[in-house]
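Asks: The structure that follows is given in the form of structure tokens.
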Amino acid sequence: MSEAALSSASARVRRLELAFRGMRIGVFGGTFNPAHEGHAHVAEVAQKRLGLHKVWWLVTPQNPLKSRGGARPLAARMLSAAAMARGPAALVSDLEARWGLGYTAQTIEALHQRFPGVRFFWIMGADNAAGFHHWRDWQHILQAVPCLIVSRPGAGARARLAKAMGRFAGARTSPQSLRTRRAPAIAFAQAPLVPASSTALRAIGRSA
């Protein structure tokens, strides 16, 4: 990343999360190691389909399901996310590190306690949804917050047939209806596929 791009990305990193009663905020968590166009696409689709006031990119200090050895430092991943988080609705945050949170279920609970009256939505790509049942307290997450799943290359069928989606099959609805539905509520958003992935970008970096 050039010095100019680094400076621009740094300006988009926010450490003060503001939310007011009645707002609709998408929570987009991830390692972002590094962030890429696929992440930006998921966030932008969610923002438009749900009419979100904000999309918070929550950069996790450490994904419990991934090795510590392969992750870049949190500060670098924050800047990577900031470089991809476009538009006035986007905010990149390290609140999980600052609040001492290690799991998504804890994060959702903390957000509801900290910001009463705010409508939070969990956002993820279909590639993450396929393995969602491996997350700690995944049932609690889906019972606590409406969830929008955005299509990703090669993951659509796996996501729809995943254990978590089967367990909450009765909670399926449309993205439009998800705006006003209470959890548990799950919607799939079909959108043009963006092939970028963190794994591929890391492989390119190693071979360069």
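Asks: Report, by chain and number, residues whose modeled amide H sits under 5 Å from the one on Ala189, excluding near sequence neighbours (fewer than 5 apart, same chain).
Replies: Here Ile149, Val150, Ser151 satisfy the definition.
Asks: Quick one: work out Rg over Rh on the C-alpha atoms of the range 69-143, Rh as Kirkwood radius.
Replies: 0.96
Asks: May I pose another question? Each residue of the range 25-35 in turn: what ³J(HN,Hα) in whole Hz from Karplus with 6.51, -1.76, 1.60 and θ = phi - 60°, glycine and Pro shown as x?
Replies: With the stated coefficients, the range 25-35 comes to 10, x, 9, 10, x, x, 7, 6, 10, x, 6 Hz.
Asks: What's the center-to-center distance, using Cα atoms, between the range 150-192 and the range 112-149 in Å?
Replies: A separation of 11 Å, based on Cα centres.
Computed from the coordinates by the stated procedures, all read-outs in this text should not be read as laboratory data. None of the values given here were measured: they were computed from a predicted structure.
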